[in-house]
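Data first, discussion second: the structure below is written as structure tokens.
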Amino acid sequence: MRIVVVGPGRAGTAVGLAARRAGHEIVAVVGRDPHATETAASAMAAAALPFDTPLPDAELLVVAVRDDAIGAVARRLAPEAGAVGAAVHLSGATSVTALEPLAAAGLQTGSFHPLQSLPGGEIGAERLAGAWIAVTASPPLERRLFELARSLGAEPFALADDRKVLYHAAATLAANVPVAALALAHELFAAADVPFAAARPLVEGTVANIFELGPHAALTGPVARGDVGTVNAHLRAVAEALPDELDEFRAFVGTVARLAGASEIEGLVR
Ligand SMILES: NC(=O)c1ccc[n+]([C@@H]2O[C@H](COP(=O)([O-])OP(=O)(O)OC[C@H]3O[C@@H](n4cnc5c(N)ncnc54)[C@H](OP(=O)(O)O)[C@@H]3O)[C@@H](O)[C@H]2O)c1
């Protein structure tokens, strides 16, 4: 595919680098910061272009700007996009209708959301291999985007436009809540003089169990067993060592108790 990337940030650079390495041609990178645009373009052997100049002949425009800017950027690109066949944005939560100005200019439109954390261009490009990518588009663009995803070593799946926000809420929960729980565990391990690294096999084994057995069957520990005495001892120990963290710890115990159907423990921390 001949691809134009708009927005040389984390996701745009990751997708552009991965696409180039997969054999696609990145014909241009468009950005408002000349330095960032030049840097990303040279890494992709592409031309660096400012906004408000005609876009080169390309099959796909990848609008990789922050979610809130997609509509305005689509409006700005539309008069310049006569030589482009289709456009996608990369947002998991934003409707494809944000690209309406480009659709009105004759481009097919869709979205292409990597269900992966892309913290930077290089590392993000690596993370795309093996990731799943949500594709929201009508045929024939849908088929082309599935092919693009597979060429990156990713697993494409179709996502209905009216399910995107719910899907993204789930993705955010999956990515962020474990981080919050582990940040608290990190503090408790430190207070107990235990290296955090000791928890890594436990965490990785738990994640594997969740995907192999399902979330309910993967739940182990005193809350799932209904060991009220142990849970009470935990609460006392946390209250003593880290009183400022007790409310957060109780909230996590309450969530686990609800999952386990442990109503006595849920009552204890309510
Ligand atoms: N990073 C991830 O993990 C990830 C994963 C999946 C999907 N996504 C999606 O990818 C998209 C981009 O996210 P990101 O993480 O790459 O953000 P980012 O690193 O902040 O990059 C955003 C890019 O958009 C440009 N931009 C922002 N507002 C603009 C405007 N009004 N006009 C022109 N350019 C503008 C920025 O340019 P300036 O530097 O000039 O502001 C920057 O180049 C979002 O839709 C996001 O939901 C991100």
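Against the definition (without any contact (Cβ under 8 Å) to a residue 24 or more places away in the chain, assigned to a helix (DSSP H, G or I), within 22 Å of the chain's Cα centre (by Cα) and under 30 Å from residue 128 (Cα atoms)), how does residue 165 come out, yes or no? No; evaluated as a whole, the condition is false for this residue. Residue 213 meets each of the listed conditions (1) within 30 Å of residue 236 (Cβ to Cβ); (2) over 21 Å from the mean Cα position of the chain (by Cα) apart from (1).
Only a single criterion out of (1) surrounded by fewer than 16 Cβ atoms within 10 Å (Cβ to Cβ); (2) more than 29 Å from residue 43 (Cβ to Cβ) is not satisfied by residue 147, namely (2). Please tell me if residue 93 is over 21 Å from residue 123 (Cα atoms), near the ligand (Cβ under 8 Å from one of its atoms), touching a residue at least 40 places away in the same chain (Cβ under 8 Å) and among the hydrophobic types (A, V, I, L, M, F, W, C). Here the answer is yes, as residue 93 does meet what is asked.
Whether any residue in region 51-66 is surrounded by fewer than 23 Cβ atoms within 10 Å (Cβ to Cβ), over 19 Å from residue 114 (Cβ atoms), of a type in the set (Gly, Ala, Ser) and touching a helix residue (DSSP H, G or I) at 6+ places or on another chain (Cβ under 7 Å) is what I want to check. No, because not a single residue in region 51-66 is surrounded by fewer than 23 Cβ atoms within 10 Å (Cβ to Cβ), over 19 Å from residue 114 (Cβ atoms), of a type in the set (Gly, Ala, Ser) and touching a helix residue (DSSP H, G or I) at 6+ places or on another chain (Cβ under 7 Å). From (1) within 9 Å of the ligand (Cβ to nearest atom); (2) within 20 Å of residue 158 (Cα to Cα), pick out the condition that doesn't hold for residue 72. Only one criterion is unmet by residue 72, namely (2).
Away from the ligand (no atom under 11 Å from the Cβ), crowded, with 21+ Cβ neighbours inside 10 Å, farther than 19 Å from residue 153 by Cβ and hydrophobic (A, V, I, L, M, F, W, C): does that describe residue 45? Here the answer is no, as residue 45 does not meet what is asked.
Of everything listed in (1) touching a helix residue (DSSP H, G or I) at 6+ places or on another chain (Cβ under 7 Å); (2) within 14 Å of the ligand (Cβ to nearest atom); (3) of a type in the set (A, V, I, L, M, F, W, C), the single unmet condition for residue 171 is (1). The criterion of being at pLDDT below 95 and not in a loop (DSSP other than H, G, I, E, B) holds for residue 175. Picking from residues in region 150-161 that are surrounded by fewer than 19 Cβ atoms within 10 Å (Cβ to Cβ) and touching a residue at least 60 places away in the same chain (Cβ under 8 Å), the one that is farthest from residue 21 (Cα to Cα) is 161.
Only residues that are outside any loop (DSSP other than H, G, I, E, B), surrounded by 15 or more Cβ atoms within 10 Å (Cβ to Cβ) and either more than 16 Å from the ligand (Cβ to nearest atom) or small (Gly, Ala, Ser) (or both) were counted in region 122-144, giving 6.
Quick check on residue 31: is it more than 27 Å from residue 132 (Cβ to Cβ), within 12 Å of the ligand (Cβ to nearest atom) and buried (at least 21 other Cβ atoms within 10 Å of the Cβ)?
Working: more than 27 Å from residue 132 (Cβ to Cβ): yes; within 12 Å of the ligand (Cβ to nearest atom): yes; buried (at least 21 other Cβ atoms within 10 Å of the Cβ): yes.
When the stated conditions are applied, residue 31 passes them.
Close contacts from region 244-270, counting a first residue that is buried (at least 16 other Cβ atoms within 10 Å of the Cβ) and a second that is of a type in the set (Lys, Arg), with Cβ to Cβ under 8 Å and a gap of 6+ residues or different chains, come to 254/270; 266/258; 269/250. Residue 150 meets the stated requirement of being at pLDDT 95 or above, within 29 Å of residue 204 (Cβ to Cβ), out of contact with any helix residue (DSSP H, G or I) (no Cβ under 9 Å at 6 or more places or on another chain) and of a type in the set (Lys, Arg). Listed by position, the strands (runs of 3 or more DSSP E) enclosed by region 11-121 that each have at least 3 residues that are at negative phi and among the polar types (S, T, N, Q) are 108-114.
The values are calculated or read from the model by the stated rules, or taken from the named source; none is laboratory data. A quick note: this is a predicted structure, and the numbers were derived from the prediction, not measured. We place every Cβ from the backbone using ideal geometry, glycine too, and count neighbours over all the protein chains shown.
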